[in-house]
1. Every residue in segment 1-31 that is modelled with pLDDT under 80 and not in a helix (DSSP H, G or I), please.
2. Return the residues of segment 17-50 that are free of Cβ contacts under 8 Å to residues at least 60 places away in the same chain, in contact with an Asp or Glu (Cβ under 7 Å, 6 or more places away or on another chain) and farther than 21 Å from VAL79 by Cα; say none if nothing qualifies.
3. Given the criteria at pLDDT below 80 and either closer than 27 Å to ARG146 by Cα or not β-branched (Val, Ile, Thr) (or both), does THR72 qualify?
4. Would you confirm whether any residue within segment 32-54 is open to solvent by 20 Å² or more (accessible area, probe 1.4 Å) and at pLDDT below 90?
5. Tell me which residues, restricted to segment 16-30, are buried (at least 19 other Cβ atoms within 10 Å of the Cβ), farther than 9 Å from VAL98 by Cβ and not charged (D, E, K, R).
6. Quick one: is VAL98 modelled with pLDDT of 95 or more and touching a Gly at 6+ places or on another chain (Cβ under 7 Å)?
Amino acid sequence: MADARLHHLSLDGAIIDGAHHMHVRVYYEDTDFSGIVYHANYLRFMERGRTNYLRLLGAAQSELFAEAESETPGFAFVVRSMQLDFLKSAKMDDLLEVITRPVEVRGASITMQQQIKRGDLVLMEAKVKVAFVSGGRARPIPIPLRVAMKADVV
């Protein structure tokens, strides 16, 4: 679904209806010898999507993130597992859209569903489980973060 709002995304993307949308341009360095995107680079695009989702969520919910930081200093999200499905290829100069949405929360982890699309065509789908870590150990995700991600109602 090409939405006119997506053409006005900031560099970090935008959160629209609970999902983060971000554009990525494919450059020569992203491709392999055949001119298509090297498979590992999709992981980089998705990492940017997750990072920018959290950045925008933190900016929009700064009080909640400050409360989470006070409860669990130095918190971070780290990838625990990924399930990837490569459906179609992208090539140099393609404008891709990375879509990230939280789908499930369980104690110290949250599962996100991600898609990489070119227009309406889905190129890749992923299910990514990230663990919430503080002080080098997995910790329960603080309620303020659950609320910010609407993870308890999804």
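The values are calculated or read from the model by the stated rules, or taken from the named source; none is laboratory data. None of the values given here were measured: they were computed from a predicted structure. Because the Cβ atoms are built from the backbone with ideal geometry, glycine has one as well, and the counts that use them run over all protein chains shown. SASA here: full protein model, heavy atoms, side chains in, ligands and nucleic acids out. Shrake-Rupley method; radii C 1.70, N 1.55, O 1.52, S 1.80 Å.
1. MET1, ALA2, ASP3, LEU9, SER10, LEU11
2. VAL37
3. Taking the combined requirement at face value, the residue satisfies it.
4. Yes - at least one qualifying residue is present in segment 32-54.
5. Correct list: VAL26 only.
6. Yes: the conditions hold for VAL98.
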